[in-house]
Every structure is written in C-alpha cells, then in structure tokens.
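Asker: Input: one structure, supplied below.
What follows is calculated from the coordinates using simple rules that are stated; it is not laboratory data. In this text, all values refer to a predicted model and were calculated from it rather than measured experimentally. All Cβ positions, even for glycine, are placed from backbone atoms using ideal geometry, and neighbour counts span all protein chains on display.
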Amino acid sequence: MRPQRRAIEIFSMSVLDMFASALGAFILIAVILFPYFGRDFTADRARSEQTVTVRSETLKTARERLTALEAKQTPARPSPEGAAACEADRLTCESRAGTTFLMISVDWQEPVGIDLRVTDPQGAVFSWVKTNRGGRDYPKSRAWLSVSVQTGPGLAYWIDPRAAPGAYAVDLTTQHTLDRDVAVSVALFGHAGKTVLPIVVLKAGTNRASVGVATVGADGALVFTP
C-alpha cells in the first residue's frame with residue numbers, strides 16, 4: 001500500500017497563538033503608554049534642571065564649610081625658618097631677663113646635606129649623632145641640636161638657653177666629599193641679639209670646614225673669633 005502524503009499547513013495553531021500573544025503584548029504596552037502620548041515634557045525638564053542646580057549649590061556650600069572647618073581645626077605647621085625665628089625670639093626675651101644663652105644657625109641653598117657640629121666648654125660634642133634632644137645624650141645640659149638635613153636647601157640650628165660662660169667651637173661637616181663649593185650662611189644669637197657672620201664656604205674635595213669659636217661671657221656678652 002502506498003503511504004499517504006501529509007498536508008502542509010502554512011499557518012498552524014502554534015503560529016496563530018504566537019501572533020495573538022504578540023498582539024496582546026502590544027495592546028498592553030499601548031494602554032500603559034497612552035497617558036504620555038502627546039504630552040509636553042518641557043516643564044518637567046525645567047523642574048528637574050532646577051532641582052539639580054539647587055542640589056549642586058547645596059553640595060558646593062557644604063564642601064566650602066567643611067574645608068573651612070578643617071582649616072580651623074588643623075594647626076599650621078611652621079617652617080624650619082619660622083620655628084628657628086620663634087625660638088630665637090623666646091630666647092632673646094630670656095636674655096633680657098638676665099640669663100645667658102647662645103643660638104647658632106646655618107642655612108644653605110645647594111642640594112647637599114650639611115651637619116652642624118658644636119663643642120661646648122665642657123667638651124660635649126653636639127652633632128647629628130648626638131643632638132641631645134630631650135636630654136638623652138647630655139642630661140646635665142639644656143642645649144640641643146635640630147634634626148639632620150639630608151639634602152638642601154636646608155637649615156640647622158643649635159640652642160643653649162643657659163649657655164655656660166666659655167668657648168663654643170663651631171664646625172660644618174658632610175658625610176661625603178663635596179663635588180662643588182657650597183656657601184653656608186651663619187648667624188649667632190646672644191645677649192645683644194643677632195650677629196650675622198661672613199659666608200663660610202665648604203670647598204669641593206673636602207667634607208669639613210671650621211666656622212670659628214663663639215665665646216660667651218659671664219654677663220652674656222658674645223664674642224666671635226673666626
């Protein structure tokens with residue numbers, strides 16, 4: 001018996017079901033969006049832009065207030081020059097009260113590290129190795145040396161609020177031999193105020209230079225000998 005051929009249907013029930021579902025979805029979306037057809041959104045956009053502007057201004061104001069509060073709460077960190085000047089002013093007031101004191105400051109502009117070295121009348125040597133900060137190196141002395149500056153431009157200073165009468169030898173050293181001449185400004189602060197010394201030059205090929213000797217008298221008078 002010959003098999004019968006199947007009839008081919010282009011539009012089956014499955015295709016009609018799919019079309020009906022798609023039409024239903026389209027009608028549902030049209031009903032949802034119907035209120036927005038032909039609507040003017042200019043006013044809504046203007047209100048949105050105004051809201052954004054107001055909030056941006058509010059945020060900017062808040063940031064400015066926060067910055068102002070942080071500036072008030074964060075104390076200004078004085079520069080080394082400012083710290084040295086303040087300390088010199090304080091010690092000058094002490095000298096006017098009848099006490100002897102001595103301060104030695106050096107500063108330079110070249111990108112090298114320079115160490116200030118001071119030897120007091122008792123033989124105590126103040127350097128980057130023994131700064132006596134906090135009195136840990138020489139408990140009987142109130143003198144101390146600022147922290148070492150690894151590279152310039154830099155500033156270093158040594159202070160003794162109760163400098164004992166006698167001679168104080170002042171030297172400048174570097175950890176390495178210099179490849180250039182370095183000019184160093186030196187100033188002394190004593191009973192009579194500030195004394196600016198001639199420029200001291202550390203020569204190329206060396207790592208040490210003698211500044212001189214500062215002698216403090218019993219009355220606080222200061223005499224410098226190169």
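Asker: So, R0 is 30 Å and r is the distance between the beta-carbons of VAL223 and LYS203; what FRET efficiency does that work out to, to 0.05?
Answerer: E between VAL223 and LYS203, to the nearest 0.05, is 0.65.
Asker: Still on this structure, please answer the following. Calculated FRET efficiency, ALA164 and SER185, Cβ-Cβ r, R0 25 Å, to nearest 0.05?
Answerer: Using R0 = 25 Å, I get an efficiency of 0.40.
Asker: Let me ask another. If I stretch the segment between LEU23 and ALA192 completely, what's the gain in nm (0.36 nm per residue apart, minus their alpha carbon distance), one decimal?
Answerer: Between LEU23 and ALA192, full extension yields an extra 50.5 nm.
Asker: Running Debye on region 13-73 with equal point scatterers at the Cα sites and no solvent, what base-10 log of I(q)/I(0) appears at q = 0.21, 0.24, 0.29 Å⁻¹?
Answerer: -0.88, -0.95, -1.05
Asker: Just grab the label-to-label distance for GLN150 and ASP44, each label 7 Å out from Cα along the Cβ direction, in nm (one decimal).
Answerer: It is 6.2 nm.
Asker: Above 23 angstrom, tally the Cα pairs of region 80-225 and express them as a % of all pairs, no decimals.
Answerer: Numbers: 3219 of 10585 pairs.
Pairs farther apart than 23 Å: 30 percent.
Asker: Let me have the relative contact order for region 80-225, percent, based on Cα pairs under 8 Å that are six or more residues apart.
Answerer: Details: 342 pairs, mean separation 40.4, N = 146.
Worked out over region 80-225, it gives 28 percent.
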